[in-house]
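Notes follow once the structure below has been shown.
The values are calculated or read from the model by the stated rules, or taken from the named source; none is laboratory data. Quick caveat, the model's predicted, so the values are computed rather than measured. As a convention, Cβ positions derive from the backbone with ideal geometry for all residues, glycine included, and neighbour counts pool all protein chains shown.
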Ligand code: ATP
């Protein structure tokens, strides 16, 4: 490879910029050229690209979001769209791609590779931590810290008013954000899609805490939880317990923003370099990830299809501490 194209695709995540910076600087280090592709796969289709060098990625390691911008490209899902993308890739002499995104972005790159043989390596960038082949995705740690900062503030007001706060957090179909922030913010109960919860059990937990002298509680609800959503849950608990002063907060997109934590910056820096080194070694259709603090490559099919299991020890920790 001589010239690597890099793009960020799908949902944005804090630390994507740090990954981009690492890719560009690793390219320079190994005497390769790097090209930034704007708006994910849209930039390939529209030939919206920019030459990058070590200085063009200055002052971005600390910025959330992605300076390359990201998009969900409907056109890239069509063979015609991908043909256009391939033509522009060739016109720009790009030999290989680094795709920073989630499983949808990897699926797109995989199909593109099957059709045109373009080598690529994926870097997991999503706050949800729902990608197999890495212990942590880029942006996850920052999102966790954003959530606990917000829940700490809600705790202040919950305590002052003796209220029960239901807080919905992101995570798509995965409960990693909910479980970890629930433990870290001292939640009375945590509802995640991986566990079969019930309104009955939730009520019992709240009743137990009330009996033990607790006057206010935090309940963390994963957005992917299967009991009808945070408002429905709050409504059902309120019906059983009209005496509770219940409030609902949906944290929403603030969880996707902000300056990346040290953990995410280091992770992104390592994976950005690993992706470039992998392409130099002739690797393709792999995702660079971190497992037990070592950089590892996982076949992209596995990264897309398999799922990280929720740690049952963490569920136990949450249950013991909610006594
Ligand atoms: P996140 O998990 O944060 O949403 P993601 O990478 O999974 O990130 P998606 O919107 O699912 O986000 O995918 C990003 C882009 O990848 C899509 O907009 C589309 O352009 C491309 N893509 C996804 N699936 C396919 C597919 N089956 N064929 C071709 N391209 C695809």
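Per-structure values
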{"item": "Residue tally, condition closer than 30 Å to residue 255 by Cα and either touching a strand residue (DSSP E or B) at 6+ places or on another chain (Cβ under 7 Å) or near the ligand (Cβ under 8 Å from one of its atoms) (or both), over region 87-131", "result": "24"}
{"item": "Residue in region 7-27 that is modelled with pLDDT of 95 or more, farther than 26 Å from residue 289 by Cβ and not in a helix (DSSP H, G or I) present", "result": "no"}
{"item": "Subset of region 255-286 that is within 30 Å of residue 164 (Cβ to Cβ) and touching a helix residue (DSSP H, G or I) at 6+ places or on another chain (Cβ under 6 Å) - its residue that is surrounded by the fewest Cβ atoms within 10 Å (Cβ to Cβ)", "result": "258"}
{"item": "Number of positions in region 175-204 that are crowded, with 24+ Cβ neighbours inside 10 Å and within 16 Å of the ligand (Cβ to nearest atom)", "result": "3"}
{"item": "For residue 31: the one exception among (1) more than 16 Å from the ligand (Cβ to nearest atom); (2) in contact with a helix residue (DSSP H, G or I) (Cβ under 9 Å, 6 or more places away or on another chain)", "result": "(2)"}
{"item": "Members of region 232-251 found to be touching a residue at least 24 places away in the same chain (Cβ under 8 Å) and out of contact with any helix residue (DSSP H, G or I) (no Cβ under 9 Å at 6 or more places or on another chain), listed by number", "result": "234"}
{"item": "Hits in region 146-177 (condition: in contact (Cβ under 8 Å) with a residue 24 or more places away in the chain, out of contact with any helix residue (DSSP H, G or I) (no Cβ under 9 Å at 6 or more places or on another chain) and either more than 27 Å from residue 16 (Cα to Cα) or in a helix (DSSP H, G or I) (or both))", "result": "152, 154, 155, 158, 159, 161, 162"}
{"item": "Among (1) surrounded by fewer than 23 Cβ atoms within 10 Å (Cβ to Cβ); (2) in a helix (DSSP H, G or I); (3) within 16 Å of the ligand (Cβ to nearest atom) - the single one residue 143 does not satisfy", "result": "(1)"}
{"item": "Residues (closer than 30 Å to residue 144 by Cα and more than 12 Å from the ligand (Cβ to nearest atom)) located in region 15-28", "result": "15, 17, 18, 19, 20, 21, 22, 23, 24, 25, 26"}
{"item": "Members of region 34-85 that are part of a loop (DSSP other than H, G, I, E, B), within 10 Å of the ligand (Cβ to nearest atom) and in contact with a helix residue (DSSP H, G or I) (Cβ under 6 Å, 6 or more places away or on another chain)", "result": "71, 73"}
{"item": "Only one of 313, 232 that is out of contact with any strand residue (DSSP E or B) (no Cβ under 7 Å at 6 or more places or on another chain), at pLDDT 95 or above, under 21 Å from residue 158 (Cα atoms) and not in a loop (DSSP other than H, G, I, E, B)", "result": "232"}
{"item": "Hey, residue 169 at pLDDT 95 or above, away from the ligand (no atom under 16 Å from the Cβ) and over 30 Å from residue 26 (Cα atoms) or not", "result": "no"}
